[in-house]
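The values are calculated or read from the model by the stated rules, or taken from the named source; none is laboratory data. Everything numeric here is computed off the predicted structure, so don't read it as measured data. Ideal geometry is used to build each Cβ from the backbone, glycine not excepted, and the neighbour counts take in all protein chains shown. Just so you know, the surface numbers come from the protein's heavy atoms only, side chains and all, with ligands and any DNA or RNA stripped out. Shrake-Rupley method; radii C 1.70, N 1.55, O 1.52, S 1.80 Å.
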Amino acid sequence: MSTPTRPHRFEPPGRATEVADGIFAYVQPDGSWWINNTGFLVGTHGVVSIDSCSTTDRTRAYLGAIARETGQPVRTLINTHHHGDHTFGNYLFPGATIVGHDRIRAAVREWGEPHSAPLFTDVDWGPVELAPPFLTFEDHVTVHVDELMCDVRYVGAPAHTDNDSVVWIAERRVLFSGDLLFNGGTPFVMQGSVAGALAALDRLTALEPETIVPGHGPVCGPEVIDAERGYLRFVQQTAAEGRAAGVSPLEAALGTDLGEYADLLDPERLVGNLHRAYAEDAGAAPGAAIDLGAASADMITFNGGRPLSCHA
């Protein structure tokens with residue numbers, strides 16, 4: 001299995017990239033654990049940001065990228081889900097209305113303050129203060145940037161988490177997918193659902209996007225949806241075979257040839273995904289509780305007994 005090269009210290013991207021008129025993607029290499037993408041839309045009187053970053057330094061660098069494109073303030077901050085790489089930087093947007101799905105608010109608080117051990121290598125998080133969304137929605141909400149409509153949609157069921165939303169800008173055919181999509185990284189559904197994620201991908205396909213800003217990895221087109229669908233079906237098949245053979249998710253992962261997925265970043269996620277897939281193969285509902293502690297411990301074992309590498 002090849003091991004992709006990763007940065008070992010934070011070097012902020014040079015600039016945001018304009019993917020459509022007034023719509024920018026802020027892509028953070030290399031897209032591995034806790035190194036997410038964000039984006040923003042520039043209007044006449046303010047900016048709408050899609051997600052924040054994992055650390056204080058990363059979020060300040062992102063704010064600097066926004067300031068290089070416009071002098072307008074960030075008035076709205078949309079969170080695509082509760083994970084800290086998309087929400088820990090929220091507190092650095094003091095003048096913004098923070099928007100997210102109903103479940104994100106409680107999930108941010110339950111997740112708590114950032115910490116690295118025992119799952120990850122040490123990270124300099126900075127003086128993070130939790131700032132969950134305070135404008136929440138059940139199904140969808142429309143955010144207007146001048147006359148441009150941004151449809152913020154809950155995906156309808158557990159997928160990456162139980163509170164995932166996407167931001168769909170139909171007029172420009174631009175989709176901000178959050179962590180429903182990873183481009184070059186291993187998809188991760190341990191806290192959501194394999195079946196639910198596959199259903200969510202069908203909904204994304206139906207939108208017919210032309211430009212996708214994934215939660216991690218380079219800006220891409222709709223081909224990434226098919227690539228992720230293939231991986232999730234591979235996880236389901238591996239789980240079914242593993243359960244039939246009477247082996248644990250960890251044993252199944254250790255005995256699996258990743259094949260075309262061997263070069264994806266963070267391959268240890270396979271173990272967490274299999275814990276979820278095993279539960280669903282046994283009849284558990286999407287998003288049902290599983291032993292996340294055991295699944296995380298098995299990812300460390302798969303990683304040679306070492307904490308997972310995080311260069312955030």
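Looking across the range 38-73, the residues that are within 19 Å of Val166 (Cα to Cα) and either β-branched (Val, Ile, Thr) or at pLDDT below 95 (or both) come down to Thr38, Val42, Val47, Val48, Ile50.
Scanning the range 24-58 for residues that are among the hydrophobic types (A, V, I, L, M, F, W, C), assigned to a strand (DSSP E or B) and either open to solvent by 10 Å² or more (accessible area, probe 1.4 Å) or in contact with a Cys (Cβ under 9 Å, 6 or more places away or on another chain) (or both) yields Phe24, Leu41, Val42, Val48, Ile50. Among the residues of the range 84-121, those that are open to solvent by 30 Å² or more (accessible area, probe 1.4 Å) and either within 20 Å of Tyr154 (Cβ to Cβ) or free of Cβ contacts under 8 Å to residues at least 40 places away in the same chain (or both) comprise Pro94, Gly95, Thr97, Asp102, Arg103, Arg105, Ala106, Arg109, Glu110, Trp111, Glu113, His115. The single condition among (1) crowded, with 20+ Cβ neighbours inside 10 Å; (2) among the small types (Gly, Ala, Ser); (3) out of contact with any Gly (no Cβ under 9 Å at 6 or more places or on another chain) that Ala295 does not satisfy is (3). Tell me yes or no: at least one residue of the range 92-102 is assigned to a helix (DSSP H, G or I), at pLDDT 95 or above and either out of contact with any Lys or Arg (no Cβ under 8 Å at 6 or more places or on another chain) or within 26 Å of Pro73 (Cβ to Cβ) (or both). There is at least one residue in the range 92-102 that is assigned to a helix (DSSP H, G or I), at pLDDT 95 or above and either out of contact with any Lys or Arg (no Cβ under 8 Å at 6 or more places or on another chain) or within 26 Å of Pro73 (Cβ to Cβ) (or both).
Of the residues in the range 272-284, at least one is part of a helix (DSSP H, G or I), touching a residue at least 12 places away in the same chain (Cβ under 8 Å), among the small types (Gly, Ala, Ser) and surrounded by 15 or more Cβ atoms within 10 Å (Cβ to Cβ).
Got a sec? Which of Ile66, Ile35 is under 25 Å from Glu210 (Cα atoms), touching a residue at least 40 places away in the same chain (Cβ under 8 Å) and more than 17 Å from the chain's Cα centre (by Cα)? The match here is Ile66.
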